[in-house]
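The values are calculated or read from the model by the stated rules, or taken from the named source; none is laboratory data. Because the structure is predicted, anything quoted here is derived from the model rather than measured. Using ideal geometry, Cβ is built from the backbone for each residue, glycine included, and neighbour counts are taken over all protein chains shown.
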Amino acid sequence: MVIKFGRFGEFLACSNYPECKTTKEMARADIPEQPEGEQVTCDKCGKPMQLKRSRFGQFYACTGYPDCKNTKDPRLMKADIPTEPQPPCENCGKEMVLKSGRYGPFFSCSGYPECKTIRKIGGGKSTPPKPTGVGRSRTSGNASRSRRCRSRRGIFYSCSRYPKCDFALSNRPVPRPCPNCGATYLLEKETKREGAIEYCASCDYRAPLNHKPAANA
């Protein structure tokens, strides 16, 4: 075995590469080893699990790989998370599994990426979008309503038929007609230079507001 360097650091590789592609991780002082005597069992096949590391951190992998690809996040194992069985995915019926993301643990559909359903810990489904009361009619002639949604980039306002209809706004629409062009709704926002204003997306109408825009309402 010889020392090699990869994108994740040093590792041992067979000197007979490429005929033999055997590799081994090198012990590192800054990477804690699996605690002695601690045994983690795979809950899918019953085989022992081994502590591994990747560019995203440490994880437990089933020793039955590739027949069993089950993994566990050590951070989730130590966290105080309810372990009651989760109902199946409400969209496709598949199992919901515990995951860890940038905002903490959550339940995700095991059918990902085909199904992107997620469920908050202890909160059931995510908060449903709130209707704004503003109607929207597209060229297809089908009437629709706008609603307030949340994404990783913040709040936005979309058609109630999203994502089939991709109409979206970054500022809050309100059901007031434009006094200039007669558009069915206006938009509210607050800027440092103008303060709280209402404006029309179809013409150049802009006017100050006597109240602060309720962007999070």
Looking only at the stretch 1-58, and only at residues there that are acidic (Asp, Glu) and assigned to a loop (DSSP other than H, G, I, E, B), the one that is modelled with the lowest pLDDT = Asp30
Could you count how many residues in the stretch 158-177 are in contact with a strand residue (DSSP E or B) (Cβ under 8 Å, 6 or more places away or on another chain), among the basic types (Lys, Arg) and at pLDDT below 75?
-> 1
For strands (runs of 3 or more DSSP E) lying entirely in the stretch 157-205, having 1 or more residues that are free of Cβ contacts under 8 Å to residues at least 40 places away in the same chain and within 33 Å of the chain's Cα centre (by Cα) picks out 186-191, 195-199
Taking the stretch 132-144 as the search range and keeping residues that are under 17 Å from Ala201 (Cβ atoms) and of a type outside the set (Val, Ile, Thr), which one is modelled with the highest pLDDT?
-> Gly133
